[in-house]
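Structure first, then comments.
The values are calculated or read from the model by the stated rules, or taken from the named source; none is laboratory data. These figures come from a predicted structure and were not determined experimentally. A quick note on method: Cβ atoms are made from the backbone with ideal geometry, for glycine too, and the neighbour counts reach across all protein chains shown.
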Amino acid sequence: MIRIVPPLALMLLLAACAPEKTVATGPRPAPCPAQPTGEVSLPGGRFTMGEDPLRPEEGPPRTVSVGAFSIDRTEVTNAAFAQFVKATGYVTLAERQPDPRFYPGVDPALLKPSAIVFKGALADPKLTNPAAWWQIVDGAQWRHPTGPGSAIAGQDRLPAVQIAYEDALAYARWRGRDLPTEAEWEFAARGGLTDARYEWGDTPSSQTKPRANYWQGVFPAVDTGADGYPARPAPVGCFAANGYGLYDMAGNVWEWTRDFYKPGLIDTGHDPHGPGQEMAYDPAEPKAMAPKHVIKGGSYLCADDYCFRYRPSARQPGPPDTGSSHLGFRTVKRAAG
């Protein structure tokens, strides 16, 4: 059974990225190199967060300091998340009955284990009803990313998706790690570059040599799949690493950070941990009962002519109450002391 996304979740997702229409088959992807593993240790330092902001929520720029930390080379994969579930018996948020407190006015009978799945033209061929582009799909979860009938068998190297914030945090704590702050994530994504638009510099990616997995083509008519992965995630580590040796910090799937979300970068006295929870409630959404967290990096649904958020300074609110089919995570560990 499919049900339309409640208004709050719809607003969040339409802001985070745009809809697809029918997609081209695209070229066969080039063979990926061996899967990168492990973490990269970074010394930390001072940098300008929100450098070169292109959207109102990305600024104003502010100088922050981050301490030394290590960060996963890649997004957490299906294989890694499966190990966590096997070891702990953990049940993700999408597999649980939704809490009626977060859905005032919604018939409790409609609240079933589910997650957000992009449907696009499959649900709205004429692209006249944005409310249908994203839908809550009963039974969608990390093992079945687009709902019953989908599976992750043979896809161990794909990033784990349909992972809610609390699921990502539980995994990180199981590993003795944490989710990155927004400042840590952006520091890592910049790869040591200053005042660069992309993680690789200022030169845009191209159709002939895509630098990341994002939407290529005229949006939302067609994703040409020039990167080899039309409208779908790529196995981790298939595109070149940034200057710090980190993979897929641009595109592929959005990634959770620990920070609560507020539009615009809040001056917290150069505190790299972002605004407190009390600031994460938007007066424009008085019925929003769950605070949102910042997500970073963009996804395979980000297009240059619409979303254009596969940049280090880009930021959006993550859906607070479930997972989605283009959102994953990676973890960090801060240096002692």
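State all residues of the range 48-63 that are in contact with a helix residue (DSSP H, G or I) (Cβ under 7 Å, 6 or more places away or on another chain) and at negative phi; if no residue qualifies, say none.
Met49
Within the range 199-210, is there a residue that is modelled with pLDDT of 95 or more and basic (Lys, Arg)?
no
How many of the residues in the range 211-235 are at pLDDT below 90 and of a type in the set (D, E, K, R)?
1
Of everything in the range 35-47 that's touching a residue at least 60 places away in the same chain (Cβ under 8 Å) and in a loop (DSSP other than H, G, I, E, B), which residue is farthest from Tyr198 (Cα to Cα)?
Gln35
Within the range 48-63, can you find the residues that are in a helix (DSSP H, G or I) and surrounded by 14 or more Cβ atoms within 10 Å (Cβ to Cβ)?
Of all residues in the range 48-63, those in a helix (DSSP H, G or I) come to 56-58.
Once the filter is applied, which keeps residues that are in a helix (DSSP H, G or I) and surrounded by 14 or more Cβ atoms within 10 Å (Cβ to Cβ), the range 48-63 yields Glu57, Glu58.
Over 27 Å from Phe239 (Cβ atoms) and hydrophobic (A, V, I, L, M, F, W, C), is that true of Ala94?
Judged against the criteria, Ala94 is a match.
Please find, within the range 106-128, the residue that is farthest from His144 (Cα to Cα) out of those that are in contact with a Lys or Arg (Cβ under 9 Å, 6 or more places away or on another chain) and modelled with pLDDT of 85 or more.
Leu110
Out of the range 249-264, which residues are at negative phi and polar (S, T, N, Q)?
First, the residues of the range 249-264 that are at negative phi: 249-250, 253-263.
Scanning the range 249-264 gives a single hit, Thr257.
What is the one condition in (1) in contact with a Leu (Cβ under 7 Å, 6 or more places away or on another chain); (2) surrounded by fewer than 19 Cβ atoms within 10 Å (Cβ to Cβ); (3) within 15 Å of Ser70 (Cα to Cα); (4) among the small types (Gly, Ala, Ser) that Ala172 does not satisfy?
(2)
What is the one condition in (1) within 28 Å of Asp156 (Cα to Cα); (2) at pLDDT 95 or above that Gln97 does not satisfy?
For Gln97, the exception is condition (2).
Every residue in the range 135-161 that is over 16 Å from Lys112 (Cα atoms), crowded, with 24+ Cβ neighbours inside 10 Å and of a type in the set (Val, Ile, Thr), please.
Val161
Here are Asp107, Asp167, Asp99: which of them is more than 19 Å from Tyr300 (Cα to Cα), among the acidic types (Asp, Glu) and surrounded by 14 or more Cβ atoms within 10 Å (Cβ to Cβ)? Before you say what the answer is, go through the steps one by one.
Working: Asp107 fails: surrounded by 14 or more Cβ atoms within 10 Å (Cβ to Cβ); Asp99 fails: surrounded by 14 or more Cβ atoms within 10 Å (Cβ to Cβ).
From the options Asp107, Asp167, Asp99, the qualifying one is Asp167.
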